[in-house]
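Just below is one structure, and these are the notes that go with it.
The values are calculated or read from the model by the stated rules, or taken from the named source; none is laboratory data. Remember, it's a predicted structure, so these values are computed and weren't measured experimentally. Cβ coordinates were reconstructed from backbone atoms using ideal geometry, including for glycine residues, and neighbour counts include every protein chain displayed. Remember, those area values only see protein heavy atoms, side chains included, never the ligands or the DNA or RNA. Shrake-Rupley method; radii C 1.70, N 1.55, O 1.52, S 1.80 Å.
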Amino acid sequence: MLSVVLISTGAVLTYIEYTNQKNNKIHLEKVQTKYKNLFENNKPKDDLTINKVQAIKKDAKSIKLYENETKKIINELSELEAYLELKADIENCYEGTIMFSTVTKENINTMKTKNKKLSKEYQKYTNNYIIDLESQRSNIDIEEEKIKNLYTDDSTTFKENITINDIEAIRLSLNTLPQEDVKKNGNEVLDNAIKIVKEREA
């Protein structure tokens, strides 16, 4: 009688283990399918959200078996999440194709660090934006430095040797910037500089 009970118990446990394996396998395959559906032509879909990726990753973490396959899909989802976070950071730097003037070198360097941690596959979608942000920031810095150099060391008094031609040359390059707020502020300083130069020459 005891042997019959043991055999029956063993059979039940074997069935439960088989069922668990089967259910976990089905679960894993569903998560893998969800992951594949996040892409179109091997590229993350344009409307893909971080929340959606995080939800699938949470689902993947609930799989108890198939450790290697589960770990692989979780790592892939984590990297996709990191890419989407950087993509959001980059998008927040722009209005259309124009970088907000409030974006600093430090902001860009932080994004560069994040970008370097991505795989080459994801970097190809972000590299050009990082380069563009650096270029736009550099152009603003160059023009602001030109205006700063109109002043003496106390940053309130214009240098004695500044001419109207010097000022207008700065204005010409300043006005090539796409950032309207930088141009507006810069031109106000230049207008004031011209006024002072004319008063000196009068």
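Among the lysines, which fall within straight-line cross-link reach of Lys195, defined as a Cα-Cα distance under 22 Å, with same-chain neighbours fewer than 8 residues apart omitted?
By straight Cα distance, Lys195 reaches Lys146, Lys148, Lys159, Lys183, Lys184.
On full extension of the chain, what length is gained from Glu201 through Lys72, given 0.36 nm per residue of separation minus the C-alpha to C-alpha distance?
My answer for the length gained is 39.0 nm.
Based solely on its DSSP helices, what 222 nm [θ] is calculated for the chain when runs of n ≥ 4 H residues each add -39,500 (n - 2.57) and the sum is averaged over all residues, nearest 500 deg cm²/dmol?
Per the formula, -25000 deg cm²/dmol.
About the Cα centre of the chain, what is the dipole size in debye to 20, counting +1 per Lys and Arg Cβ and -1 per Asp and Glu Cβ, all else neutral?
So the dipole magnitude of the chain works out to roughly 1420 debye.
May I ask you to give the percent of accessible area on the chain that is carbon plus sulfur, with a probe radius of 1.4 Å?
52 percent
Where the only charges are on Cβ atoms (+1 Lys, Arg; -1 Asp, Glu), what is the dipole of segment 160-202 about its Cα centre, to the nearest 20 debye?
That gives segment 160-202 a dipole magnitude of about 60 debye.
Quick one: 3J(HN,Hα) in Hz for segment 50-64, Karplus 6.51/-1.76/1.60 with θ = phi - 60°, rounded, Gly and Pro as x.
Karplus-based 3J(HN,Hα) across segment 50-64 equals 4, 4, 5, 5, 5, 5, 5, 5, 4, 4, 5, 5, 7, 6, 8 Hz.
In whole Hz, with x marking every Gly and Pro, tabulate ³J(HN,Hα) for segment 94-106 from phi via Karplus 6.51 cos²θ - 1.76 cosθ + 1.60, θ = phi - 60°.
10, 10, x, 9, 9, 6, 5, 5, 7, 6, 9, 4, 4
Between Glu121 and Phe100, what FRET efficiency follows from the Cβ-Cβ distance if R0 is 41 Å, with the result rounded to 0.05? Don't skip to the end; give the middle numbers.
Details: r = 28 Å, r/R0 = 0.69.
Working from the Cβ atoms, E equals 0.90.
Using only Cα atoms, tell me the angle between helix 67-91 and the longest principal axis of the chain; keep it within 0 to 90° and round to the nearest 10.
Between helix and principal axis, roughly 20 degrees.
Taking a ≥ b ≥ c as the square roots of the Cα gyration tensor eigenvalues, with a/c under 1.5 meaning rounded and otherwise prolate when a/b beats b/c, else oblate, which class fits the chain? Walk me through the numbers before you get to the answer.
On the way: a/c = 6.00, a/b = 4.67, b/c = 1.29.
Prolate, because a/c is 1.5 or more and a/b exceeds b/c.
Gap in Å between the Cα centre of segment 40-111 and the Cα centre of segment 126-202?
The two parts, judged by their Cα centres, are 38 Å apart.
Return the long-range amide H neighbours of Met99 (sequence gap of 5 or more, or a different chain), with a cut-off of under 5 Å between placed amide H atoms.
Close amide H contacts, sequence-distant or interchain: none at all.
What accessible surface, in Å², does a 1.4 Å probe find on Asp46, ignoring ligands, DNA and RNA and rounding to the nearest 10?
Its heavy atoms expose roughly 120 Å² to the probe.
Averaged per residue, what accessible surface does the chain expose to a 1.4 Å probe, in Å²?
Using a 1.4 Å probe on heavy atoms only, each residue of the chain averages 67 Å².
I need the shape label for segment 159-202. Rule: rounded when a/c is under 1.5, else prolate if a/b > b/c, else oblate, with a, b, c from the alpha carbon gyration tensor.
Prolate, because a/c is 1.5 or more and a/b exceeds b/c.
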